[in-house]
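J.: First the structure, which I've put down as structure tokens, then a few questions once you've had a look.
The values are calculated or read from the model by the stated rules, or taken from the named source; none is laboratory data. As the structure is a computational prediction, the values presented were derived from the model and not from experiment. Note that we place each Cβ from the backbone using ideal geometry, even for glycine, and neighbour counts take in every protein chain shown. Note: accessible area is taken over every heavy atom of the protein model, side chains too, but ligands, DNA and RNA are not part of it. Shrake-Rupley method; radii C 1.70, N 1.55, O 1.52, S 1.80 Å.
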Amino acid sequence: MQINNSRIVLTGAVGGMGSILARALHAQGARLALVDANAEALEVLAKELDGTFAASGDLSSAAACKQVADQCLALLDGVDMLINLAGVNSFTAFEDESPEKMELMMHVNLLAPMWLTRAFLPAMQQQNSGQLVNVGSIFGSIGFAYFTTYSASKFALRGFSEALRRELADTAIKVSYIAPRAVKTPMNSDAVMRMGEATGMNMDEPEAVVAKIIEAIESDKKDAYFGFPESLFVRVNALLPRVVDGALAAQNRIARAFAKGEK
Ligand SMILES: NC(=O)c1ccc[n+]([C@@H]2O[C@H](COP(=O)([O-])OP(=O)(O)OC[C@H]3O[C@@H](n4cnc5c(N)ncnc54)[C@H](OP(=O)(O)O)[C@@H]3O)[C@@H](O)[C@H]2O)c1
């Protein structure tokens with residue numbers, strides 16, 4: 001979809017990738033409604049980007065998502081694109097994961113995109129155009145040890161995107177699922193960064209990932225997996241998961257010490 005002049009709602013807008021993506025979309029002429037939990041930072045960013053609206057809200061409940069969506073629809077006088085970028089992760093052994101954190105991750109990473117899509121879809125259906133962009137992760141195709149709940153949330157987001165794309169196939173509304181590999185943003189704790197270094201995990205610069213997200217949006221990609229060999233492993237994992245079990249075994253043993261806070 002063309003970005004210039006499109007009415008775009010972007011969640012996670014003040015995050016590591018979000019702020020870069022917001023500036024890039026604005027530079028290309030998008031009419032933006034930016035959404036994030038951090039109201040103060042959101043106001044600052046919206047002020048910086050002429051003509052941009054801020055709609056702050058905690059996306060971890062259905063009611064808040066509906067409220068934010070209604071606010072965005074009023075501010076932009078409709079919607080052409082929803083980019084579900086907000087997310088939370090957790091790097092821990094599953095026995096140490098709290099039920100509250102599990103719930104939060106499923107709410108923000110999976111249900112918020114679903115609730116927001118549900119809220120924006122009727123407007124898109126009425127105009128018979130629109131683009132729904134869900135930012136997942138390579139961990140949404142390769143279950144990653146010590147990111148177990150996060151992986152589960154992104155697997156589900158991928159399933160939602162695929163099913164909805166098929167459901168809307170006879171309309172002009174497009175659904176994209178975009179899966180970056182690890183990115184150097186505040187989402188990744190110091191323990192993740194040290195584990196990444198110790199295991200040789202590839203980590204991209206957020207600017208490079210944002211450029212690829214924009215390219216995927218402009219070329220209406222149904223799905224996009226960033227980085228080699230990760231994009232190849234996604235295919236291998238789908239066909240031969242036992243091979244990937246073996247390939248990741250040594251890395252998982254190193255990761256455990258970081259996840260348990262022993263390193
Ligand atoms: N970084 C990576 O390695 C990586 C790799 C693959 C995919 N991704 C995905 O890319 C997306 C962006 O990640 P990022 O690296 O830019 O992360 P980030 O820097 O942590 O930014 C995430 C943003 O989401 C917002 N957010 C979190 N919970 C929210 C809630 N309940 N309501 C509203 N906003 C909320 C955060 O706001 P607050 O700061 O105010 O909480 C933050 O601004 C995520 O979906 C992530 O899963 C990231």
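J.: Ignoring ligands, DNA and RNA, what percent of the accessible area of the stretch 7-259 is carbon or sulfur (1.4 Å)?
T.: 55
J.: Nearest 20 debye, what's the magnitude of the dipole of the chain about its Cα centre given +1 on Lys and Arg Cβ and -1 on Asp and Glu Cβ?
T.: In total the dipole reaches around 640 debye.
J.: Given a 10 angstrom Cα cut-off, can you work out which residue in 18, 78, 130 is the most mobile in a GNM of the chain?
T.: So, out of 18, 78, 130, the one fluctuating most is 78.
J.: Work through the residues other than residue 14 whose Cβ is under 10 Å from its Cβ and net out their charges, Lys, Arg +1 and Asp, Glu -1.
T.: Once all neighbours under 10 Å are counted, the net charge is -3.
J.: Between 98, 5, 32, whose Cα lies farthest towards the positive end of the dipole of the chain when Lys and Arg beta carbons carry +1 and Asp and Glu beta carbons carry -1, centred on the Cα centre?
T.: Working it through, the farthest residue towards the positive pole turns out to be 98.
J.: Can you tally the net charge around residue 179? Count Lys and Arg as +1, Asp and Glu as -1, for every other residue whose Cβ sits under 9 Å from the Cβ of residue 179.
T.: Neighbour charge sum, excluding residue 179 itself: +1.
J.: Roughly how many Å² is the accessible area per residue of the stretch 7-259, as a whole number, for a 1.4 Å probe?
T.: Accessible area per residue: 45 Å².
J.: Pick from 175, 68, 243 the residue whose mean-square fluctuation is largest in a GNM of the chain, springs joining Cα atoms under 10 Å.
T.: Of 175, 68, 243, the most mobile in the Gaussian network model is 243.
J.: Using a 1.4 angstrom probe and counting only protein chains, how large is the accessible area of residue 171 in Å², to 10?
T.: 60
J.: List the lysines whose Cα lies under 21 Å from the Cα of residue 221, skipping any in the same chain that are fewer than 8 positions away.
T.: 154, 174, 212
J.: In degrees, nearest 10, range 0 to 90: what is the angle between the Cα axis of helix 190-199 and the longest Cα principal axis of the chain?
T.: 50
J.: Here is a follow-up. How large is the Kirkwood hydrodynamic radius of the chain, in angstrom, based on all distinct alpha carbon pairs?
T.: Result for the chain stands at 18.7 Å.
J.: If you don't mind, there's one more thing I want to ask. Could you compute the net charge surrounding residue 30? Neighbours are other residues with a C-beta less than 10 Å from the C-beta of residue 30; K and R count +1, D and E count -1.
T.: Net of charged neighbours comes to +1.
J.: Quote the convex hull volume per residue of the stretch 214-263, based on C-alpha atoms, as a whole number of Å³.
T.: 120
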